[in-house]
Structure formats: structure tokens, C-alpha cells
Amino acid sequence: MKMRSGEYPFQEGASERTQVKVTVLYEDLSAGLRAKALMQSVASKLSVPATIMLECWRFDWLSERSLGSCALGAASKSAILLFSLSLPNELPPQVLAWLDRWVQTERGPAAALVILLAPGNRRSARCRKMLAPLQRAAQSKGADFFCEYLEPQPAGNNTLALPASLRAVADDLPDRSQTLRPEFGALPSRRIV
């Protein structure tokens, strides 16, 4: 995915670090933690100085009109929309309704729609059926679609391998290293918590 420099859905902050906004919609605590672990892994592998800004919304919150609207507003300003599920069941009705509203909003800057599942769901027929509405939504919005399987490492081992499909997205982030002041150029990248 290549974009012209003026089209990147990223913002530069006062600290000269690119901010990548990510809206996470998650099924339960386990799925939310898996999404956070994935984004920490992405942040640790970036070759440019960037801060990943997560905004997280649990599926059941989307049925509350005001919370669903807030999540929709966040997603319309995000570079990545990430759905994280523990089980490959069909998406709940409130999530499907929210997804339809997201598709109908003005074209936002979303560069990618990512679905994140536990590795045990890799070959599930239910999983393929559940992915269809998400793939259609990504296609309608012109966003890249990724399906990833990730299980966080046990406590104490906080290193994760970045999935290959997301390595390409990380590599496409704008190279802002030329705009950094020389004294900051040698600083090691830090993980985002």
C-alpha cells in the first residue's frame, strides 16, 4: 500500500513522532489484551519514530447509541480499524449495525481493517463466514483487509513476532527520520504501553 505524502492518515505531534490512530473493537477482555499485544508488537517493529494511539471499544458498548457514535467518530479518524475476537462466532447484531454505519460514513482515512483471532480458530468454517461482512466493509471503504491470528506470550515474555502481512503496513509508514533533530536521531525506539 503506497500513498502520496499528503494522504497519510497519520498526524505529527509536537514531539516530531508520527501518531498512528487505531480504533479497536473487541469481544471480551482476552480479545482486548490480544489487540493491545498486537499493536505493541507493531510499535516495537516500526522503523520510524511513531506513537500508536489506541482507542478501545467493547462490542456490547456499541449497542448504546451515544457510545456507538463515539466509537464511529474515533474510527473515522483512525488509520487502522481492528476487530479482535476470542471465538469465530458470527458478529453480534450491534457490531454488524455499527459496521454498516461505518461503511456509510464519509470516506475516512482508514488504511486497514484488521480482524484478530486466537490461533486455534485458523481453520474454522465459522471463521470464514464471520470474515465475509468485514471483508465487504473493507472493500467498500477502500481499506486493506488483514486477518491475523495471535496469542500473547506468557507473562514475563513480552516480545511478539509481527505478522508478515502487518510488516508491510509498518514499512509503508512515512519516513519522518529526516525531519528529526540530530540529537534525537540516535535514540532507540520505545514500546508503547
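Key figures for this structure:
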| quantity | calculated |
| --- | --- |
| Net lengthening on full extension, Gln94/Val48 (0.36 nm per residue, minus Cα-Cα) | 12.9 nm |
| Ordering of 78-86, 48-56, 131-139 by burial proxy (mean other Cβ atoms within 10 Å per residue, highest first) | 78-86, 48-56, 131-139 |
| HN-Hα J in Hz across region 19-28 - Karplus 6.51, -1.76, 1.60, θ = phi - 60°, x for Gly and Pro | 9, 9, 8, 10, 9, 10, 10, 10, 7, 8 |
| Cα-based shape type of region 45-118, given that a ≥ b ≥ c are square roots of the gyration tensor eigenvalues and the cut on a/c is 1.5 | oblate |
| Long-range amide H partners of Trp57 with built H, under 5 Å | Val24, Leu25, Tyr26 |
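Every read-out reported here was derived from the displayed coordinates using simple, explicitly stated rules and does not represent laboratory data. Note that this is a predicted model, so its numbers are computed, not measured. A quick note on method: Cβ atoms are made from the backbone with ideal geometry, for glycine too, and the neighbour counts reach across all protein chains shown.
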